[in-house]
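All remarks here apply to the structure that follows.
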Amino acid sequence: MYNATMARGRAKRANVYLAKDILDASPQKLLLKVYDYAITNCRKNDIIRTNKALGELINSLNFENSETKEFSLGLMSLYQFCQDQMRKGKTEIVEKILLELRDSWVDIFQKGINNG
């Protein structure tokens, strides 16, 4: 017989696996996970979770280094635009931007591995 105790046990094991996966992840993999979370919740029209993920992306930007400041400012503007578009219910625009940014990061990470 399936009961709530068994369900909690399975959920706990899944959460332990997820926590280990996150703790062991490289910064690159973590970034992609945040994008995946944002994209998934954008597709579900979940404004709160999508904007929370976008907030995490904004918080991860580096404004202290002169080499990355301009790039970070550009990404921040895009992320804030996405937050605004989510509030307006324009999820298709946000999804397109997030997918393109994620694909760009994957390309960058792959080139770094191949050239490193």
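Results for (1) out of contact with any His (no Cβ under 7 Å at 6 or more places or on another chain); (2) closer than 16 Å to PRO27 by Cα; (3) part of a helix (DSSP H, G or I); (4) among the hydroxyl-bearing types (Ser, Thr, Tyr), shown as yes or no for each residue.
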position: ASN51; (1), (2), (3), (4): yes, no, yes, no
position: GLU70; (1), (2), (3), (4): yes, no, yes, no
position: LEU75; (1), (2), (3), (4): yes, no, yes, no
position: GLY89; (1), (2), (3), (4): yes, no, no, no
position: GLU95; (1), (2), (3), (4): yes, no, yes, no
position: SER104; (1), (2), (3), (4): yes, yes, yes, yes
position: ASP107; (1), (2), (3), (4): yes, yes, yes, no
position: GLY112; (1), (2), (3), (4): yes, yes, yes, no
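Residues are listed down the side, and each one gets a yes or a no for (1) modelled with pLDDT under 95; (2) at positive phi; (3) crowded, with 17+ Cβ neighbours inside 10 Å:
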site	(1), (2), (3)
LYS52	no, no, no
ASN62	yes, no, no
CYS82	no, no, yes
THR91	no, no, yes
GLU100	no, no, no
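The test for being outside any helix (DSSP H, G or I) and either of a type in the set (S, T, N, Q) or at pLDDT below 95 (or both) holds for ALA25.
The values are calculated or read from the model by the stated rules, or taken from the named source; none is laboratory data. Keep in mind that what you see is a predicted model, and the values were worked out from it rather than measured. Cβ sites come from the backbone with ideal geometry, for glycine too, and all protein chains shown count toward neighbours.
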